[in-house]
Amino acid sequence: MNTITNRQMVFILFLTLTSITIVTIPKDMAEAAGVGNWIPLMLMAVLFGVLVTVIVRLQKAFPGKALYDYSRELVGKAGCYVISMFYVLYFLTVNVYLANSMAGMLKANFLFETPHWAFIAVGIPVFGYLAYHGPATVARIFELYGVIFLIGMLVVHVNMLIQGDLVNIRPLVVPSEIGRALGAMDKTIIAFLGIEVLTVMPFAKGRKKAPRVAFLTLIAVGMIYVMVVETSIMMVGLHEIKYYEYPLLAAIRQVELENIEFLRRVDILYLTIGLMGIFAGISVVYLALVEYAVKLLPRASRLAIVIAAGILVFILGLLGFGIPDFDEMIVNVITYSGLAAAGLIPIILLIVAKGKKRA
């Protein structure tokens, strides 16, 4: 059956949200919020927890259908076409951003002599293979790999918590800095974007607990972000961490697992487990792009759409490397368009659905 379970939904959200952002978020939050970084992270987790329940309620209301299918019933064929085109362009932009971020991180930290295009060229066949097999296959893979990724993350960060210096994160609350922390909330938006991939994940009939499970998953993701930021600052220092482009990797390199001889280089653990997490996160966004494109182009074969999407991501990714401040520009685009994709559109559709139900 081409539907997802609550457990699969949990791991889809977890891996999609934490794939790339987790590497850079310690620097972003240290710069924007200082020691009060946990405040905007948890507040945004609650806000996106509410938004994800809106998406899940929509999916529940139309079992076995994706947003494209039930939007035709709610806003008509023309409205459905406009919404779906928006999601195609949005997910294409996110794919380009994630592919470029992956290439930049690998080149800067592990494979220094490899050109950027090679990373994208190797990654796209993997993303395309998973997208070709549809939501149910991706959900089953996420369910398996999510456990491995979570265990690996906890092992690393528990050791960072033990070995780090608590002085670096004290005090947790500085009354005079609360305004600064609240002002940093806009910097946390991109860390929680990704819930919109659920719009292509059909739900089975029932699933009464799905909205609650989705909300608690976002709260848990917020707590994971707090753990990552705080343990990274404990290892590197609040002021020093601002100078690292990939602060999580710099912090992980200082961790020593003395009782595990073959894991003395903990960053190698991240290169294996973490890289698979990045591939998983990008794959589900690639899947979302393909799903909307397939619905908009019913006469085209799924394989042709998967290949065409890969070519577009590759070309646009290469163009992005040649544009100054490309990352900053595309992050701004994704942040604001993501609020529409994850919040505004689902809220409008839910209101219309409730209105039609009462009528």
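The values are calculated or read from the model by the stated rules, or taken from the named source; none is laboratory data. As the structure is a computational prediction, the values presented were derived from the model and not from experiment. Here the Cβ is made from the backbone with ideal geometry for all residues, glycine too, and neighbour counts use every protein chain on show. Protein only, heavy atoms only, side chains kept; ligands, DNA and RNA dropped before computing areas. Shrake-Rupley method; radii C 1.70, N 1.55, O 1.52, S 1.80 Å.
For region 268-283, indicate whether the set of residues that are open to solvent by 50 Å² or more (accessible area, probe 1.4 Å), out of contact with any helix residue (DSSP H, G or I) (no Cβ under 9 Å at 6 or more places or on another chain) and either at pLDDT below 80 or assigned to a helix (DSSP H, G or I) (or both) is non-empty. Taking every residue of region 268-283 in turn, at least one turns out to be open to solvent by 50 Å² or more (accessible area, probe 1.4 Å), out of contact with any helix residue (DSSP H, G or I) (no Cβ under 9 Å at 6 or more places or on another chain) and either at pLDDT below 80 or assigned to a helix (DSSP H, G or I) (or both). Taking first residues from region 25-42 that are under 11 Å from Lys187 (Cα atoms) and open to solvent by less than 20 Å² (accessible area, probe 1.4 Å) and partners that are among the polar types (S, T, N, Q) and not in a helix (DSSP H, G or I), the Cβ contacts under 6 Å between residues at least 6 apart in sequence or on separate chains come to Met29/Asn37. Where helices (runs of 4 or more DSSP H) sit wholly within region 117-229, those with at least 2 residues that are out of contact with any Pro (no Cβ under 8 Å at 6 or more places or on another chain) and open to solvent by less than 20 Å² (accessible area, probe 1.4 Å) occupy 134-163, 189-192. Taken as a whole, region 77-85 holds at least one residue that is closer than 25 Å to Leu98 by Cα and either surrounded by 17 or more Cβ atoms within 10 Å (Cβ to Cβ) or aromatic (Phe, Trp, Tyr) (or both).
Of all residues in region 227-253, those being more than 21 Å from Val173 (Cβ to Cβ) and over 20 Å from the mean Cα position of the chain (by Cα) number 9. With the structure loaded, tell me whether Ala108 is more than 18 Å from Met201 (Cα to Cα), assigned to a helix (DSSP H, G or I), in contact (Cβ under 8 Å) with a residue 24 or more places away in the chain and open to solvent by 40 Å² or more (accessible area, probe 1.4 Å) or whether it fails that test. Yes. Selection of first residues in region 300-317 that are under 10 Å from Val290 (Cα atoms) and of second residues that are assigned to a helix (DSSP H, G or I) and open to solvent by 90 Å² or more (accessible area, probe 1.4 Å), restricted to Cβ pairs under 6 Å at least 6 apart or on distinct chains, gives the following pairs, ordered by first then second residue: Val306/Tyr132.
The set of residues in region 55-72 being at negative phi and open to solvent by 20 Å² or more (accessible area, probe 1.4 Å) consists of Arg57, Lys60, Ala61, Phe62, Pro63, Lys65, Tyr68, Asp69, Arg72. For region 86-97, a residue qualifies if it is surrounded by fewer than 23 Cβ atoms within 10 Å (Cβ to Cβ) and of a type in the set (S, T, N, Q), and exactly one does: Thr93. If I go through region 169-205 residue by residue, how many of them are of a type in the set (Ser, Thr, Tyr) and in contact (Cβ under 8 Å) with a residue 40 or more places away in the chain? Residues meeting the conditions: 2.
When region 317-344 is filtered for residues that are open to solvent by 30 Å² or more (accessible area, probe 1.4 Å), modelled with pLDDT under 85 and within 15 Å of Leu98 (Cβ to Cβ), the ones remaining, listed by number, are Phe321, Phe326, Asp327.
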